[in-house]
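First comes the structure, then the notes that go with it.
The values are calculated or read from the model by the stated rules, or taken from the named source; none is laboratory data. The shown structure was predicted, so the numbers you read here are calculated from the model rather than taken from an experiment. Every residue, glycine among them, receives a Cβ derived from its backbone with ideal geometry; neighbour counts consider all protein chains shown.
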Ligand SMILES: Nc1nc2c(ncn2[C@@H]2O[C@H](COP(=O)(O)OP(=O)(O)OP(=O)(O)O)[C@@H](O)[C@H]2O)c(=O)[nH]1
């Protein structure tokens, strides 16, 4: 299991949003936020087919490493969209991610499209035990390119890496697809926590870099960062 120590959960708020009525910008709750959350949050959206593990991944980030519980069991599909805030320490700076968990079901698609526009990062998930969820990644990318900002940070995650026996999508297939689209890739497990910290840390680092970089600063290379950290932690790939 990755050594996850980002779980400094603060300013947590969850809110079910009715169809198109609330946008990410109107959803902050300044009353409950400690002072170090005052900077503008970076909007990060979890997308992918229903059942790939978006809600579990978010729960993993916020809860698992606090009380050790994987909230598995009966699968309840997300209805609409909701969000949680997460503060990630990056090079002694706190980066606040506002993480939006979208519903993967087709019938909610028009709701989630409305949120792409405000996203600074998108984590696109498939389930390594579910081939259609992988085959649909191209369609998700088409939608993202249609609705999201051009410079949105996209990361591809092959989730449920703990389910090696049921795997139907090879790691190399995920790598190849990500390479084709020039986006970073890793396999994760919301159950064991593999690579979850790294995924969010890399996103936070990229967004922090964009927010603070000076004209002559070298570009942050997210692919290289992920590769170097995978080797360091030794917790990449399959669980
Ligand atoms: N073994 C294992 N099970 C997982 C993992 N992630 C999610 N699951 C299980 O997969 C099922 C679906 O997970 P969710 O997180 O609800 O999926 P979702 O993508 O949010 O689904 P929608 O809300 O419909 O879009 C649940 O039963 C989870 O417990 C994982 O990494 N490993």
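Quick notes on this one:
- Some residue of region 121-134 being away from the ligand (no atom under 16 Å from the Cβ) and surrounded by 16 or more Cβ atoms within 10 Å (Cβ to Cβ): yes
- Taking the listed residues 192, 142, the one that is part of a loop (DSSP other than H, G, I, E, B) and surrounded by fewer than 19 Cβ atoms within 10 Å (Cβ to Cβ) is 192, with no other qualifying.
- Residue check for residue 94: more than 13 Å from the ligand (Cβ to nearest atom), within 24 Å of residue 207 (Cβ to Cβ), over 15 Å from the mean Cα position of the chain (by Cα) and at pLDDT 85 or above: yes
- The C-beta contact set for region 46-64 (first residue more than 8 Å from the ligand (Cβ to nearest atom), second residue at pLDDT below 90 and part of a helix (DSSP H, G or I), distance under 7 angstrom, 6+ apart or interchain) comprises 47/112.
- Any hit, region 209-222, residues being more than 16 Å from the ligand (Cβ to nearest atom) and surrounded by 21 or more Cβ atoms within 10 Å (Cβ to Cβ): no
- Residue that is surrounded by the most Cβ atoms within 10 Å (Cβ to Cβ), among those in region 161-174 that are out of contact with any helix residue (DSSP H, G or I) (no Cβ under 8 Å at 6 or more places or on another chain) and either without any contact (Cβ under 8 Å) to a residue 60 or more places away in the chain or not in a helix (DSSP H, G or I) (or both): 161
- Checking residue 177 against (1) surrounded by fewer than 16 Cβ atoms within 10 Å (Cβ to Cβ); (2) more than 16 Å from the ligand (Cβ to nearest atom); (3) part of a helix (DSSP H, G or I), the condition it does not meet: (1)
- Filtering region 97-120 to residues that are within 12 Å of the ligand (Cβ to nearest atom) and assigned to a loop (DSSP other than H, G, I, E, B) leaves 103, 104, 105.
- Where residue 193 falls short, out of the listed (1) within 16 Å of the ligand (Cβ to nearest atom); (2) modelled with pLDDT of 95 or more: (2)
- Hey, residue 238 outside any helix (DSSP H, G or I) and modelled with pLDDT of 90 or more or not: no
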